[in-house]
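Everything below concerns the one structure shown next.
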Amino acid sequence: MVDLGRENLIEAEEIDESDIVERIFEAVVEQRLPPGTKLSESALCEAFGVGRMRIRRSLLLLASREVVELHANRGAFVASPTPDQAREVFEARLALEPNITRLAVQRASEGDIAELNRLLEMEYVAHKERHRHDAIRLSGQFHTMLAQIAGNAILIRTMKELVTRTSLIIGLFGAPGLNSCRDDDHASIVHAFHARDAEKAAWMMTLHLKHIESHLQLDAKPHEAVDLVQLFTQKNLVEQ
């Protein structure tokens, strides 16, 4: 039996709900936790080194963000959107994001545009080196960053929710090879920022979202079971 050592045990005990929530949330966004995955309390206790009450509070917080679904007598599961819900998410994104992008172009500072360029370069490298999880994470950051540049706190919160739901939808309904946004689509949007062309940027965002939606296969398919202990303890080892 491996001796974790007193220091590691103390560190594990100091993990609070916000850390656990963020780690599970990140795993969902990066599609390492597929929709419908059962979130076993005992496995999560082992993975994070905490008691059941802390895990339950974390799952309640995730449920309030609609990332997790809680079912009486069955437990917690990663949210699993229906085809109709998938259509509604893209309908909402098409209604909001072109306008968010338009506002962002109008309000962007040179520093904001430089930050978009930096994110675009990181996304390009992730795609080139086939780092799938990094590409998915960075793609979501690109869309939420546009809301941040637009400077509207309500839109930022809304976009974070929509990006999370889109990750679930792509995980469940995405065609083979559709793991995240295409980085060249994002590049076209950033080029419009450089030109200060708000209308072109808004139009490119519309085309971008329609492209993603057109590649969904809205018929549910099964996923392999996920080993929660291995998933989260491996992440711990990488971060140390």
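Given the Cα-Cα distance of ARG65 and ARG130 and 0.36 nm per residue of separation, how much length would full extension add, in nm? Mind showing how you got there, number by number?
On the way: separation 65, 0.36 × 65 = 23.40 nm, distance 2.99 nm.
20.4 nm is the gain from fully extending ARG65 to ARG130.
What nm distance separates the two modelled labels at ALA187 and LEU207, each placed 7 Å from Cα along Cα→Cβ?
Taking the two extended label points, one gets 1.4 nm.
Using the Cα centre of region 88-172 as the reference point, and only Cβ charges (+1 on K/R, -1 on D/E), how large is the resulting charge dipole? Debye, rounded to the nearest 20.
Result for region 88-172 is approximately 140 debye, rounded to the nearest 20.
Would you tally the net charge around ALA201, using a Cβ to Cβ cut-off of less than 14 Å, leaving ALA201 out, and scoring K and R as +1, D and E as -1?
Surrounding charge for ALA201 is -1.
What is the extension gain from HIS194 to HIS215, computed as 0.36 nm multiplied by their sequence separation minus the C-alpha to C-alpha distance, in nm to one decimal?
4.7 nm
R0 = 41 Å: FRET efficiency of SER109 with THR233, Cβ-based, nearest 0.05?
About 0.50, to the nearest 0.05.
The chain: longest stretch without exposed GluC sites (Glu not before Pro) (DSSP loop, at most 12 other Cβ within 10 Å), sites themselves excluded?
15-128
Separation between the ASN99 and ILE15 pseudo-spin-labels, each 7 Å from Cα along Cα→Cβ, expressed in nm?
Distance between label points: 4.1 nm.
Using the scaling law 2.2 N^0.38 Å as the reference, what is the normalised Cα Rg of the chain?
Normalised by 2.2 N^0.38 Å, the Cα Rg of the chain equals 1.08.
Treating region 91-221 as a set of equal point scatterers at the Cα positions, no solvent, please give the Debye-formula log₁₀ I(q)/I(0) at q = 0.10, 0.19, 0.23 Å⁻¹.
Per q value, in the given order, log10 I(q)/I(0) is -0.29, -1.08, -1.54.
Among residues other than GLU213 whose Cβ falls under 11 Å from its Cβ, what is the net charge (Lys/Arg +1, Asp/Glu -1)?
Counting the neighbours of GLU213, the net charge comes to +2.
Considering the Cα positions of region 18-93, please state its Rg to one decimal place and its Dmax as a whole number of Å.
Answer for region 18-93, Rg first and Dmax second: 12.9, 41 Å.
With all protein chains present, how much of the accessible area of the chain (probe radius 1.4 Å) comes from carbon and sulfur, to the nearest whole percent?
52 percent
Per residue of region 195-206, in order, report the coupling 6.51 cos²θ - 1.76 cosθ + 1.60 (Karplus, θ = phi - 60°) as ³J(HN,Hα) in whole Hz, putting x for Gly and Pro.
7, 6, 9, 5, 5, 5, 4, 5, 5, 4, 5, 4
Please work out the average accessible area per residue across the chain, using the 1.4 Å probe convention, and give it in Å².
I get 54 Å² per residue for the chain.
Would you tally the net charge around GLU88, using a Cβ to Cβ cut-off of less than 15 Å, leaving GLU88 out, and scoring K and R as +1, D and E as -1?
Values: positive: ARG87, ARG93, ARG165; negative: GLU66, ASP84, GLU91, GLU97, GLU161, GLU213.
Spelling it out: positives minus negatives among the neighbours equals -3.
The values are calculated or read from the model by the stated rules, or taken from the named source; none is laboratory data. Remember, predicted model here, so these are calculated numbers, not experimental data. No Cβ is skipped: glycine too gets one built from the backbone with ideal geometry, and neighbour counts run over all protein chains shown. When the accessible area is computed, the model is the full protein with side chains, heavy atoms only, and any ligands, DNA or RNA have been set aside. Shrake-Rupley method; radii C 1.70, N 1.55, O 1.52, S 1.80 Å.
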